[in-house]
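What follows draws every value from the coordinates through simple rules; no lab data is involved. The model shown is predicted, which means the values in this text are computed figures rather than measured ones. With ideal geometry, Cβ positions are generated from the backbone for all residues, glycine too; neighbour counts draw on all protein chains shown.
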Amino acid sequence: MSTRPALDVSLLPDSSVDTHALIWWGQVFMLVIEGTVFALLVATYFYLRFWLPVWPPAGADPPPLLWPVVNLLVLLVSVIPIRYADKAAEQGDRIGSIIGLVLGLALLIVFLAGRAAIWKALPFTYSTHAYGSIVYTVLGAHTMHVIACLLETVVILVMILDPARFHDEQRLGVVTGGLYWDFVAGSWVLLFLLLYVAPRLL
Amino acid sequence: MSAERPHITDEDALRETAALREVWAEPTGIVGFFSNVSHTAIGLRYVVTALVFFLLGGIEALLMRIQLARPENRFLGPDQYNQIFTVHGSTMMFLFAVPVMEGMAVYLIPLMVGTRNVAFPRLNAFGYYMFLCGGLMVYAFFFINAGPDAGWFAYTPLSGPQYSPGKRVDVWAQMITFTEVSALAVATELIVTILKMRAPGMSLNRMPLYVWSMLVQSFMVIFAMPAVIVCTTLLILDRLVGTHFFNPAEGGDPLLWQHLFWFFGHPEVYLIFIPALGFVSTIVGTFSRRRVFGYMPLVLSLVATAFLGFGLWVHHMFATGIPQLGESYFTAASMMIAIPSGVQIFCWLGTLWTGRLRFKTPLLFVLGFVAIFVIGGLSGVMLASVPIDLQVHDTFFVVAHFHYVLIGGAVFPLFGAFFFWFPKATGRMMDDRLGRVTFWLLFVGFNLTFFPMHQLGLRGMPRRVYTYPAEMGWGPLNLLATVGAFVMAVAVVLFLVNAAMSLRAGVVAGRDPWAGETLEWSIPSPTPEYGFLFLPTVSGRSAMWDARPDQPVVTGLRNDRREILVTNTVEATPHHREVLPGPTIWPFASAVTLCALLVASIFSPRAVPWLVLPVGISLLGWFWPRGKPPVPAPEEHRVRARPPRLSADTP
């Protein structure tokens, strides 16, 4: 009978709820892709701006700041309960995760409502001029991400409501969902600067 | 001797085989066919589907060559010709070249890094079906005479709402979305597979060169493909809902299209070509019977090519009136590409020079690659210079150049790779004598077809004209090119005949017919559904050649579920075990519903909110956790290493 030497891995953990998990890496690269899309939209904005003497075009003054700033703050604050939910999930605290996700979702819904109101108040549409086109596209792309984030979080929340399901796979879901949330909030900081501050300064 | 260390015996291997065969079994039946998530099955489907599109694209090329064979030919009308050259280019780039490279990698990468599947098997299946849907869609429209007709790079304003009414360009733009989603899916899963699932011992500096090339290529995909998604989306918005991105009357700019498109389009060329460089390094090493000379320079050249590839896009736009400083910068950047390319050619020549060559078909294709690619590179350096570029812009000189780099740089190595890995996928060798004939026909046919095009371009023949007057004197060279195209067609048919015959009656290959260097040659051919019986370990840069007689294997993975080993990114030391998902119909359902949504959006944006629902349901079905939460492993569900015995035992 022939034998072969062996490297036994049976004592290694059989999952990982942190940055070593495959799905965490997958999520990171998906966000790199999404980030590249946003970066290209920013480049498009400045390319269009470059060729126009007046920016924004006549009749579309730089959009007012107050409510967008408030709304930005709402989104940024929503990151706090989501971070809390993440930490709770990593430590196996299901109730903590649920509380964090519910608070985060509530704030995200407020943000979406604010987004809708602010958007509706814009004095131009996507077909008024190229400026309108890029502003609507940036808003639309980001809003799609917000909605996707909302739906994803609802699904994760429903899954972990059942205590029997709160095992590693779903805990990891909370962690990677939190990563996506960070991206949605962080990218809006940059896009906010683009849409609201850049036309005033540049 | 191995009994002095933790070890396994033949009996363990038998047990493991039976258990793995059951747990990794590929589903059967029609539903099973569309549920399969095995990387070998999906990889082969990618390759076969891409080859079917290659044949379709080739037939379109022949139609164009027949039309151009003599002046004032009436074989095709101008509208047909426009559709055919557009679909030919789009097919070859988006439905053949990129997917076939992805498919080869989906098949080979898990085997080369020593694991059992890609990191995200369901995403992999989803990506394949997206690609398939995109291809079927564009051909469905093409066959009802509604194929895209604005060229494979669809410049605005020609492709805009004003000059291309109808749905043709929308079909093209959606097809791009489909194939890009597919490429991005594969890129993500390959990066994670390569970085996190390598066999213990395969640190980054021991990765096979092909794995390096796919890692670099996948990063390029991730940064390049979003640009084409953005620009086709903006184009569709301009066309369907009336935005003004490319409309100068309302503050838009048609040149924006060219910037966005070529920011993707130039890297696109390299992300077809870089996997081919991986094939070349593998084949050169194996058939020179030595390690490839200059591992580090080769890896650095790949990385350098990828970086430079993102800084060249404006050299496609020299004729658009960009500032002279820009022209100079992009000329210099374009010429710099010659440096890493030269380094690589030098390393391969050094390997061949000092090796003991075996002149089998794969090596012939690689040698053909070197010859053709050098010619294509030289015309590339010429085109990088602005005055020459302006002179021959949009002429057949450009057509000659990019066919030399793409067919020479990608298709020749790819055919070499087919001959090389055919035994691994099918268990049988392809016929070597027929292979040589195929190579020579393809090589001669290729040069007959495309070399005269340099001359035609220099004499001023523009590309994309459906015919030309006799007095231009372009007739004889065009006829020569047409003859060459048919010689190439014969070569491709011969290749298919060879593959079909070998599949049934080829010489049985065994595990390792070429004395190969990488891990895929350590397992039976065709690849079993579970890949490796015990995951391998690696103790050198050439996994097979450096393996010690008692190279250890990995044990202790559970065999009642699809467990794999996750290792650390740089050193590939074992970190934890993870379970890969099994077969499911939902990725297929998601791709089909998403396809319906995207096609419907061309015709009626109002349908979109309704069609979001089935997509959402399929995605939920995909992600909803099924079955019981995991339970701790009962001991009978794994083969563990037996404890060491005292050496007195050994006979």
Under 5 Å between amide H atoms, partner at least 5 residues away or on a different chain: which partners does residue B:428 have, H built in plane at 1.01 Å? B:509
Work out the length of the dipole vector of segment A:76-202 about its Cα centre, built from +1 on the beta-carbon of each Lys and Arg and -1 on the beta-carbon of each Asp and Glu, and round it to the nearest 20 debye. 460 debye
How far is helix B:412-426 tilted, in degrees, relative to the longest principal axis of the Cα atoms in chain B, given as a value from 0 to 90 rounded to the nearest 10? 30 degrees
Rounded, prolate or oblate for the protein assembly as shown? Axes are the square roots of the Cα gyration tensor eigenvalues, ordered a ≥ b ≥ c, and the cut-off for rounded is a/c under 1.5. oblate
What residues qualify as long-range amide H neighbours of residue B:558, i.e. H under 5 Å apart, gap of 5 or more or another chain, H built at 1.01 Å from N? none
Listed with the fewest Cβ neighbours within 10 Å leading, A:146, B:169, B:374 appear as B:374, A:146, B:169
Rounded to whole Hz and in sequence order, give me ³J(HN,Hα) for segment B:546-558 from the Karplus expression 6.51 cos²θ - 1.76 cosθ + 1.60, θ = phi - 60°, writing x for Gly and Pro. 8, 5, 6, x, 10, 4, x, 10, 8, 10, x, 6, 5
Between 0 and 90°, nearest 10: helix B:121-143 axis offset from chain B longest Cα axis: 30 degrees
Under 4 °C and 1.567 mPa s, how fast does chain B diffuse according to Stokes-Einstein, given a Kirkwood radius computed over C-alpha pairs? Answer in µm²/s, whole number. 50 µm²/s
Within straight cross-link reach of residue B:167, meaning Cα distance under 14 Å, which aspartates and glutamates are found once same-chain residues fewer than 8 apart are removed? B:149, B:238
Only loop residues by DSSP count here, and only those with at most 15 other Cβ atoms within 10 Å; note down the trypsin sites (Lys or Arg not before Pro) in segment B:223-320 that meet that. B:289
Please list, or write none, the lysines whose alpha carbon is within less than 25 Å of the alpha carbon of residue B:196, excluding same-chain residues fewer than 8 places away. A:87, B:424
Estimated FRET transfer efficiency when R0 is 60 angstrom, pair residue B:570-residue B:467 (beta carbons, to 0.05): 0.55
What Cys residues in the protein assembly as shown have no fellow cysteine's beta-carbon under 4.7 angstrom? A:149, B:231, B:347
Mind listing which chymotrypsin sites (Phe, Trp or Tyr not before Pro) in segment B:518-609 are in a DSSP loop and have 16 or fewer other Cβ atoms within 10 Å? B:545
Expected vector for segment B:366-376, Karplus 3J(HN,Hα) from phi with 6.51, -1.76, 1.60 and θ = phi - 60°, integer Hz, x for Gly and Pro, equals 5, 5, x, 4, 4, 5, 5, 5, 5, 5, x
When you count, for each residue, the other Cβ atoms within 10 Å and take the mean per peptide, how do B:547-557, B:128-138 rank with the highest first? B:128-138, B:547-557
Helix B:98-113 vs. chain B, principal-axis angle (Cα, 0 to 90°, nearest 10): 20 degrees
The exposure ranking of B:268, B:471, B:327, B:520, fewest beta-carbon neighbours within 10 Å first, is B:471, B:327, B:268, B:520
Residue B:437 versus residue A:196, label points 7 Å from Cα toward the beta carbon: distance in nm? 7.3 nm
Determine, for A:24, B:353, the number of other Cβ atoms within 10 Å of each Cβ, and report the residues in order from fewest to most. B:353, A:24
If amide H atoms are modeled at 1.01 Å from N in the peptide plane, then the residues at a separation of 5 or more from residue A:15, or on another chain, having amide H under 5 Å from its own are B:577
